[in-house]
Amino acid sequence: MKASSGLFAVLLILWSGASTYWYVCKIKKDCDTQTTEIVSNQNNKKETEKIILKKSSEIKDTVSVINNLKKKLSNGYTLNKFPKNSFVNSHIENDFTEFAENLKIYFEKNTTDKILITGYTDNTGTPQANLFVGKNRAEFLKKKLTEQGIDKNRIETSSKGQTNPIADNKTEEGRQLNRRAEITIINN
């Protein structure tokens, strides 16, 4: 009888631990590494305070990233200086990678928002050709964002071709600025 009650006690302990883990980690999603560190360092008050401060600064950083990105997207985040008649822009890598990382953070907190990428061109070429090039610029950026881990279903693309220039198309500098793509937020 004593052996079976000992086995029962071990099974009860295992079941209790497993059900607690399942509830805390799987259902409440409260098993990040920092929570574990805080629990394991309860006796060391300074370590605990450092971890709490670090977590607090990470939250502030995340809020700052979200607010800054929302402001950028509200105004229209613009990538310009696309080569003439091209939808590929090799000048975007560094800034665009940071933008994509921040966009992932933004989308984690704003689960219903989407972005719209609109491609534009200068006024050289036919309006139909410019609509095509503008759409391909937007699709190029969508592909780059999905390569960075952004869900393609949260990205819409369009083209306005040569309409809505932001600079004078009579100069090469102006045409370079007009060959662009703008990314804006869509709230659902």
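Laboratory data are not the source of any read-out in this text; all were calculated from the coordinates shown. Note that the structure is predicted; figures quoted are calculated from it, not measured. We place every Cβ from the backbone using ideal geometry, glycine too, and count neighbours over all the protein chains shown.
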Consider residue 101 against the criteria (1) in a helix (DSSP H, G or I); (2) in contact with an Asp or Glu (Cβ under 6 Å, 6 or more places away or on another chain): it satisfies all of them except one. Which criterion is unmet? (2)
Of all residues making up segment 150-188, the number that are over 18 Å from residue 140 (Cβ atoms) and part of a strand (DSSP E or B): 2
If I filter segment 93-127 down to residues being basic (Lys, Arg) and touching a helix residue (DSSP H, G or I) at 6+ places or on another chain (Cβ under 9 Å), which single residue comes out as nearest to residue 155 (Cα to Cα)? 114
